[in-house]
Structure formats: C-alpha cells, structure tokens
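The values are calculated or read from the model by the stated rules, or taken from the named source; none is laboratory data. Bear in mind that the values here come from a model prediction, so they are computed numbers and not experimental data. Cβ atoms come from the backbone with ideal geometry, glycine included; neighbour counts cover every protein chain shown. The accessibility values were calculated without ligands, DNA or RNA, using every heavy atom of the protein model including side chains. Shrake-Rupley method; radii C 1.70, N 1.55, O 1.52, S 1.80 Å.
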Amino acid sequence: VNHVETHRSLANTFNDCIQKNEQHFVDIYSIYVQQYNDILHLVAAMNDNTQLTAFLKEKRKERKPLSSFLILPVQRVPRYILLLTDLLKHTESESADYNDLSAALDRVKHITNTINENKRKIENASQCLQIQQSLNGLKQPIVDDRRRFIQQFIFVKKEIKHQRLFFLFSDVLIIANEQWRVKLLLNVRTLDVKMSDHCDEQQSSATS
C-alpha cells in the first residue's frame with residue numbers, strides 16, 4: 001500500500017511541477033537556443049585553430065562529437081513524452097495517477113510543440129557544424145542562421161572510379177573528394193543544372 005501511495009505522489013508531484021513551470025520550461029529552452037547558436041558560431045569562427053580542429057576530429061572518431069553533446073538538452077523533452085506514454089500504458093485508467101500522468105503528458109506535448117521550431121533550427125545548425133568539422137581545406141565557416149542543409153550526394157566517375165561528395169545547402173554547394181577535401185564551393189544562384197541524354201539513359205536502365 002505504501003508503494004502505491006508513493007507512486008501516486010510522484011505522478012501528482014510531476015504533473016504539478018509541469019503545470020506550475022510550463023512557461024519557465026519554454027523560456028529556458030528559448031535562452032538555450034540563443035546560447036547554442038552563439039556557441040556554434042564561436043566554434044565555427046575558430047575553424048583556423050589547428051589544435052582545436054584536431055581535438056574535435058579526434059572526438060568524432062571516438063563517436064563523441066561536440067554537436068551531439070550540445071543538442072542533448074533539446075532532445076530531453078521528447079524523451080519525457082516517451083516516458084510518460086510508457087507509464088500511462090502500465091497504469092490502470094481508474095487510478096488517480098492515470099489522470100495526473102495524462103495531464104502531464106498533454107502539457108509536455110504542448111511545450112514540445114512550442115519549442116519544435118527552435119529545435120529544427122538547432123538540428124540544422126548542428127548538421128552544418130558536423131559537416132564543417134568533417135571537411136578538410138574549408139576556407140570559411142558554413143554555420144549561418146540563414147543557411148539550411150538540404151542533402152548530401154555521392155557521385156562516382158566510372159572511368160577512374162573516383163568519388164565526389166556534394167553537400168547541398170540553401171545557398172551554396174560544396175564539392176569534396178573521397179578524402180573529404182574541399183575542391184569547390186559554389187553559390188547555388190550561379191549554377192545551371194541540366195540532365196544530359198546520357199544521364200537519362202543511365203537513369204532509365206537503373207529503374208528498369
């Protein structure tokens with residue numbers, strides 16, 4: 001009986017905490033988003049610091065990239081949704097805890113929806129930073145509030161079997177070799193992409 005009462009108290013306390021601090025949660029994450037962008041811009045601006053660049057590359061090899069740690073607080077709120085949803089599944093609907101957990105879940109979802117736009121901005125900036133840190137010979141930072149990462153493509157020239165990596169952003173295209181060394185950085189406004197007959201034939205044979 002004591003265990004049940006403790007469980008109910010925890011559910012009620014959590015719901016009460018979320019209810020009283022809902023706007024505070026939103027404000028905290030708004031501040032963190034601003035600080036996150038400031039940190040990314042600082043790291044991006046230090047791209048010429050060989051010691052820092054070598055350290056960050058070593059951490060990426062260890063699967064501990066800086067961007068992954070910086071984004072953890074933003075990923076925390078959606079995990080609350082998973083936790084509360086799982087708790088609801090294992091709580092009887094007649095229980096008072098069920099109502100508290102359900103109310104807390106609704107509030108956390110509302111908080112998540114409010115900060116989702118900022119979360120998307122953070123994820124995009126994080127992708128830009130990861131690409132910047134992975135490329136060699138990049139002469140300028142690519143982390144920019146107005147820049148969106150769109151897609152990465154790999155092209156292979158069959159005659160010499162060399163790969164070219166294409167990183168497409170909303171305003172620039174970066175072309176690198178298979179060692180991730182930058183060969184070209186182009187403004188997308190200057191590009192004119194055309195599909196040749198040879199490409200059409202290749203695409204047709206690939207889909208047939």
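Figures for the structure shown
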| item | result |
| --- | --- |
| Apportionment of accessible area to carbon and sulfur, the chain, percent (1.4 Å) | 52 |
| Contour excess over end-to-end distance, with Cα ends at Ser134 and Arg120 and 0.36 nm allotted per residue | 2.9 nm |
| Estimated 222 nm signal from helices in the chain, with DSSP H stretches of n ≥ 4 weighted -39500 (n - 2.57), rounded to 500 | -21000 deg cm²/dmol |
| Long pairs among Lys64/Lys119; Lys64/Lys89; Lys61/Lys109; Lys20/Lys64; Lys119/Lys183; Lys139/Lys161, criterion Cα-Cα beyond 24 Å | Lys64/Lys89; Lys61/Lys109; Lys20/Lys64; Lys119/Lys183; Lys139/Lys161 |
| Enclosed volume per residue, in Å³, of the convex hull spanned by Cα atoms of segment 76-166 | 140 |
| Nearest-10 value in Å² for the accessible area of Ser134, using the 1.4 Å probe | 40 |
| Nearest-10 value in Å² for the accessible area of Phe69, using the 1.4 Å probe | 120 |
| Full-stretch length increase - Lys59, Asp16 - with 0.36 nm per residue and alpha-carbon distance subtracted | 11.4 nm |
| Nitroxide proxy distance, nm - points 7 Å out along Cα→Cβ at His90 and Gln75 | 2.3 |
| Space enclosed by the convex hull of the alpha-carbon atoms of the chain, per residue, Å³ | 198 |
| Selection of trypsin sites (Lys or Arg not before Pro), segment 41-130, meeting DSSP coil and at most 15 other Cβ within 10 Å | Arg63 |
| 1.4 Å probe accessible area per residue over the chain, in Å² | 68 |
| Kyte-Doolittle mean at least -1.0 and Cα axial length at least 20 Å: DSSP H helices in the chain | 2-20, 22-45, 72-89, 96-134 |
